[in-house]
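Note sheet for the following structure.
The values are calculated or read from the model by the stated rules, or taken from the named source; none is laboratory data. Quick caveat: nothing in here was measured; it's all calculated off a predicted structure. So basically every Cβ, Gly included, is an ideal-geometry build from the backbone, and we count neighbours across all protein chains shown. Areas reflect the complete protein model, heavy atoms only, side chains present, ligands, DNA and RNA absent. Shrake-Rupley method; radii C 1.70, N 1.55, O 1.52, S 1.80 Å.
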Amino acid sequence: MAKRPAALPFEVQARVGQPLGMAPRAFLRDYWQKRPLLIRGAFPGYVSPIEPEDLAGLACEDGVLARLIQHDRARDGWTVRSGPFPEDLFPALGDRDWTLLVQDMDKWDPDIAALLPAFDFLPRWRVDDVMVSFAATGGSVGAHVDQYDVFLLQAMGRRRWQIDASAAMGRGRPPLDFRDDAEIKLLREFTPSHDWVLEPGDMLYLPPEVPHHGVAEDPCLTFSLGMRAPSVAELMGDYIDTLAAEAEESLRYADADLEPAKDPHEIDATAMARVVEALNAVRMADADALGDWFGRFITVYRAAAGPGLGEGQPLAPDELARALGGGLVLQRHPWTRVAWRRAKKGARLYVAGLALCMPVTDAKQLALAARLDAETWDTLSDAGRDCVAGLLAEGHYRLEAPDEDTP
Ligand code: SIN
Ligand code: CO
């Protein structure tokens, strides 16, 4: 039964089989997009699969979205730099007051991607990425708010988190004005209501717009599972572009029943009714058309340029079947976002902006399995196999030996 919000704790202890400290249904009902929650021991005994040096190494490579934030305490000044960074940068930074943040670590590192199934109570297409930060002692990105839900898993060392949960405590929305003297969005005012030190395995969930400030107590790694929630402006812009691209040229403003104009400069009510009619003709009232637009939209990687797919491998389905039968596997590209949807007939699999028709069982299977072997291939219909061959040719899968270390 739902508890009164005032009776809900802001801190819980995870239990065996309950990494959220409660059933996912209770978490979604009481906390998701509503209240922050600190979950002690969400990943008990968690050991980071990466070292700070691995993160620094990656931040020096092209195509990696990395930022370095330094805080000069004496003048409360903040410096932000974007990667890729020269390798000799890190030894020169000193041992205090800086943070290195790298986005999309779930795509770069299979061991970090392995965290994602723990969040399968959320639609995977709602997940944006896992960002990893390394902070030297005292390092922080300042007090700020995010527009997205985030799960902050402490992976190494300790971080002190202060948050302002006043909105969830019924004390009203805190001021969210930003300082105008820093390149990063820092809150002008921050009055914490909670103050916690997180140890490895502890996890803090924050809904959007909860002010928070995390400072490294000692050198620490924090993993942030960030959600993707497109703004209405983004949704409308993309939807309208799709409508415009798909509308037939012949569908246009029409006035075969025009009466002689009383005032030739007036846009009258009848003209406006015709405008509405013209817009209605392309409204995409068809559920499949709307679903296809959204599926394609939400499976496109957020940034205009992600790392390229590399060369595709054009193989006919029967050649592919032989390769899989010989022990090779198909590994999905880590940057390829996937979702599926039931259609009027069968299903659609959405892959990085493509919409592919196939039976429901194929779509479920292909969305779930990042790695396909001969056994899975055998369960697919011809339509599903043709789609896989097409995706392989486009570079969304790679054919490889099963022991290659990819997620
Ligand atoms: C960090 O990891 O330093 C910042 C994460 C956040 O505040 O969202
Ligand atoms: Co944040």
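Go through (1) over 30 Å from A363 (Cα atoms); (2) open to solvent by 70 Å² or more (accessible area, probe 1.4 Å); (3) outside any loop (DSSP other than H, G, I, E, B); (4) not assigned by TED's automatic domain parsing to the domain that holds W125 one by one and return the number of the condition R296 breaks.
Condition not satisfied by R296: (1).
Check A59 against each of (1) open to solvent by 20 Å² or more (accessible area, probe 1.4 Å); (2) in contact with a Pro (Cβ under 9 Å, 6 or more places away or on another chain) and name the one condition it does not meet.
Going through (1) open to solvent by 20 Å² or more (accessible area, probe 1.4 Å); (2) in contact with a Pro (Cβ under 9 Å, 6 or more places away or on another chain) one by one, A59 breaks only (1).
Can you pull out the residues in the range 368-393 that are free of Cβ contacts under 8 Å to residues at least 40 places away in the same chain and either buried (at least 20 other Cβ atoms within 10 Å of the Cβ) or outside the structural domain of R332 (by TED's automatic domain parsing) (or both)?
Residues satisfying the conditions are L380, G384, C387.
When you go through (1) part of a loop (DSSP other than H, G, I, E, B); (2) among the aromatic types (F, W, Y); (3) under 23 Å from the mean Cα position of the chain (by Cα) one by one for F190, which number turns out not to apply?
F190 satisfies every listed condition except (3).
Identify the residue in the range 130-142 that is crowded, with 23+ Cβ neighbours inside 10 Å and more than 13 Å from ligand 2 (Cβ to nearest atom) and, among all such residues, is farthest from F223 (Cα to Cα). It would help to see each step written out before you state the result.
Going through the range 130-142, the residues crowded, with 23+ Cβ neighbours inside 10 Å turn out to be 130, 132-135, 139.
Cutting the leftovers down to more than 13 Å from ligand 2 (Cβ to nearest atom) gives us 130, 132, 134, 139.
Numbers: V130: 6, V132: 5, F134: 9, G139: 15 Å.
Within the range 130-142, the match that is farthest from F223 (Cα to Cα) is G139.
Do we find that C357 is of a type in the set (A, V, I, L, M, F, W, C) and open to solvent by 30 Å² or more (accessible area, probe 1.4 Å) in this structure?
The answer is yes for C357.
Scan the range 190-206 and report the pairs whose first residue is of a type in the set (G, A, S) and whose second residue is within 14 Å of ligand 2 (Cβ to nearest atom) and assigned to a loop (DSSP other than H, G, I, E, B), with Cβ atoms within less than 9 Å and a gap of 6+ or a chain change.
S193/D164
Could you grab me the full set of residues in the range 150-166 that are open to solvent by less than 10 Å² (accessible area, probe 1.4 Å) and away from ligand 1 (no atom under 11 Å from the Cβ)?
A165
Kindly list the number of the only condition in (1) open to solvent by less than 20 Å² (accessible area, probe 1.4 Å); (2) in a loop (DSSP other than H, G, I, E, B); (3) farther than 30 Å from P84 by Cβ that fails for P9.
(1)
Here are V145, V197: which of them is closer than 24 Å to Q70 by Cβ, within 14 Å of ligand 2 (Cβ to nearest atom) and of a type in the set (A, V, I, L, M, F, W, C)?
Going through V145, V197 in turn, just one is closer than 24 Å to Q70 by Cβ, within 14 Å of ligand 2 (Cβ to nearest atom) and of a type in the set (A, V, I, L, M, F, W, C): V145.
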